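Chemist: The structure's right below; bear with me while I get my questions together.
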Amino acid sequence: MPPPLYCVTDATVPATTTALLAAACAARGVRFEEVDVGRFDPCEEVELRAGDLLFRPAVSYAAVRVEQALFAESVATFYASGDALCFDGAAAPLLFARRGLPIPRTVTLLRNDRAQQRRAVELLGGLPLVVKVPGGEGGVGVMLLESWASLVSVLDHLFATGRTPQLMTYVPEAIHWRVVVIGERAVAAYRNHPYPDDFRSGPSSDPADYEVPTPSPLTALAVAATRAIRREFAGVDILAHASGRLYLLEANFPCYFPQAQVVGGIDVAGAMLAHLLEKSERLREPR
Ligand SMILES: Nc1ncnc2c1ncn2[C@@H]1O[C@H](COP(=O)(O)OP(=O)(O)O)[C@@H](O)[C@H]1O
Ligand SMILES: [Mg+2]
């Protein structure tokens, strides 16, 4: 009998996500065991067995804690190693840069100092530029500032509310790719199109925009970004500039993988489960 998949869920998880994972499990005879964060009892000891599968599509702080409580080195997850569970995603741009991966030039501001802001803007090549407040999703917290008046008024507000905004070079006229990585392989890639009257982009509803990519600089960068955040599954956002240059924006874990499956017809949930089962087998092998 294959091991069960423990899936940490809460209200943040779209129904499609759990439905696709449950279907992928059913197709392989894997028991799908939902762990509802709202009902999790931290006083009760739960011990997963060696080789069991564990995935957390939920993104709440509590869900992360539940996943940490359930984790053991002998459990098959998308983490490259156990300490990756406690890894801080907001530090990712720094990690990417240290590994030599191409990101738009970025400066994280730590205090509200105009002289420093002037130096930062100069270093980034001037206005317009992008201000990012980490932690948002769907482009919320990613802002395009085109004048000094806009920039300083937005920064004043962000510092007053305790943020440490990132200033980032604006990459114009680029194609925004989302690449879904599992293990060392890009299993899906699709274009995101700009929303009307916006510089931010979202996933296409045209199946023709979705592909199972062959290896390329784009997929190599996505795989390297996933490795950098110590995951074996991620949705990686990359801007491809007309010059051919690639700019890595972020590697999301967990990510909304149903997009590529429901619109693009690519069996991402199946590939996720295959990866976990393979890992589980390795973990259960006698050493
Ligand atoms: N430096 C940039 N230059 C141009 N567009 C950007 C830049 N950074 C982000 N964007 C746009 O903003 C959107 C959201 O950015 P992203 O880093 O993916 O944040 P989120 O976490 O909200 O998904 C992207 O889809 C992209 O189109
Ligand atoms: Mg994104």
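Chemist: What Kirkwood hydrodynamic radius, in Å, does the chain give when the mean of 1/r is taken over all pairs of distinct Cα atoms and then inverted?
Modeler: 20.3 Å
Chemist: Please identify the GluC sites (Glu not before Pro) of the range 57-163 that satisfy two criteria: DSSP loop assignment and at most 13 other Cβ atoms within 10 Å. Which are they?
Modeler: Sparse-neighbourhood loop GluC sites (Glu not before Pro): GLU73, GLU137, GLU146.
Chemist: So what J values fall out for the range 234-249 if you push phi through Karplus, 6.51 cos²θ - 1.76 cosθ + 1.60 with θ = phi - 60°, rounded to Hz, Gly and Pro as x?
Modeler: Ordered by residue, 3J(HN,Hα) equals 6, x, 9, 9, 9, 9, 9, 7, 4, 6, x, 5, 10, 10, 7, 8 Hz.
Chemist: For a quick check of understanding: with a 1.4 angstrom probe and all protein chains in place, what accessible area in square angstrom does TYR247 have, to the nearest ten?
Modeler: About 50 Å², rounded to the nearest 10.
Chemist: While we're here: Report the convex hull volume per residue for the range 105-169, counting only C-alpha atoms, in Å³.
Modeler: 75 Å³
Chemist: Which net charge results for the neighbourhood of TYR61, defined as the other residues with beta-carbon distances under 14 angstrom from its beta-carbon, given Lys and Arg at +1 and Asp and Glu at -1?
Modeler: -1
Chemist: Related question: Would you calculate, for the chain, the mean residue ellipticity at 222 nm contributed by helices, counting each DSSP H stretch of 4 or more residues as -39,500 (n - 2.57) and dividing by all residues, to the nearest 500?
Modeler: Helices in the chain give a 222 nm mean residue ellipticity of -9000 deg cm²/dmol.
Chemist: Suppose each label sits 7 Å from its Cα in the direction of the beta carbon; what would the ALA274-SER243 distance come out to in nanometres?
Modeler: Taking the two extended label points, one gets 3.8 nm.
Chemist: Hey, if we sort LEU94, LEU158 by accessible area with the 1.4 Å probe, largest down, what's the order?
Modeler: Sorted descending by solvent-accessible area, the residues read LEU94, LEU158.
Chemist: Also, I was wondering about something else. So, R0 is 45 Å and r is the distance between the beta-carbons of PHE199 and MET1; what FRET efficiency does that work out to, to 0.05?
Modeler: For PHE199 and MET1, the calculated efficiency is 0.30.
Chemist: Right, next: Top to bottom by accessible area (1.4 Å), largest first, where do HIS157, HIS241 land?
Modeler: From most accessible down to least: HIS157, HIS241.
Chemist: Right, another one. May I ask you to derive the FRET efficiency for THR164 and ALA208 from their Cβ-Cβ distance with R0 = 51 Å, giving the value to the nearest 0.05?
Modeler: 0.80
Chemist: Near the amide H of LEU129, under 5 Å away, which other amide H atoms are found, from residues 5 or more places off or on another chain, if H is placed in the peptide plane?
Modeler: LEU145
Chemist: Along Cα→Cβ, 7 Å out, is where each label goes; now give me the distance between the ones at ALA26 and PHE87 in nm to one decimal.
Modeler: Placing both labels 7 Å along Cα→Cβ, they lie 3.4 nm apart.
Chemist: Let me ask something else about it. Check each of the trypsin sites (Lys or Arg not before Pro) in the range 31-80 and keep only those in coil by DSSP with at most 15 other C-beta atoms within 10 angstrom; list them in order.
Modeler: ARG31, ARG49
Chemist: Could I get the Rg over Rh figure for the range 147-247? Both from C-alpha atoms, Rh via Kirkwood, rounded to two places.
Modeler: A ratio of 1.05.
Chemist: Can you work out the FRET efficiency for the pair ASP113 and ALA72, with r the C-beta to C-beta distance and R0 = 51 Å, to the nearest 0.05?
Modeler: After rounding to 0.05, the efficiency reads 0.65.
Chemist: If I compute solvent accessible area with a 1.4 Å probe over the protein chains, what percent of it on the chain is carbon and sulfur?
Modeler: It is 53 percent, rounded to a whole number.
Chemist: Hey, what angle do you get for helix 15-27 against the long axis of the chain, alpha-carbon based, 0 to 90 degrees rounded to 10?
Modeler: 40 degrees
Chemist: Same structure, new question: Helix 217-228 versus the longest principal axis of the chain: what angle, 0 to 90°, nearest 10, using Cα atoms?
Modeler: Value to nearest ten degrees: 70.
Chemist: Same structure, new question: For the chain, take the longest principal axis of its alpha carbons; what is the angle in degrees between that and the long axis of helix 268-284, to the nearest 10 within 0 to 90?
Modeler: Result, in degrees: 60.
The values are calculated or read from the model by the stated rules, or taken from the named source; none is laboratory data. If you're wondering where the values come from, they're calculated on a predicted model, not measured in any experiment. Note that we place each Cβ from the backbone using ideal geometry, even for glycine, and neighbour counts take in every protein chain shown. Note: areas computed on protein heavy atoms with side chains; ligands, DNA, RNA excluded. Shrake-Rupley method; radii C 1.70, N 1.55, O 1.52, S 1.80 Å.
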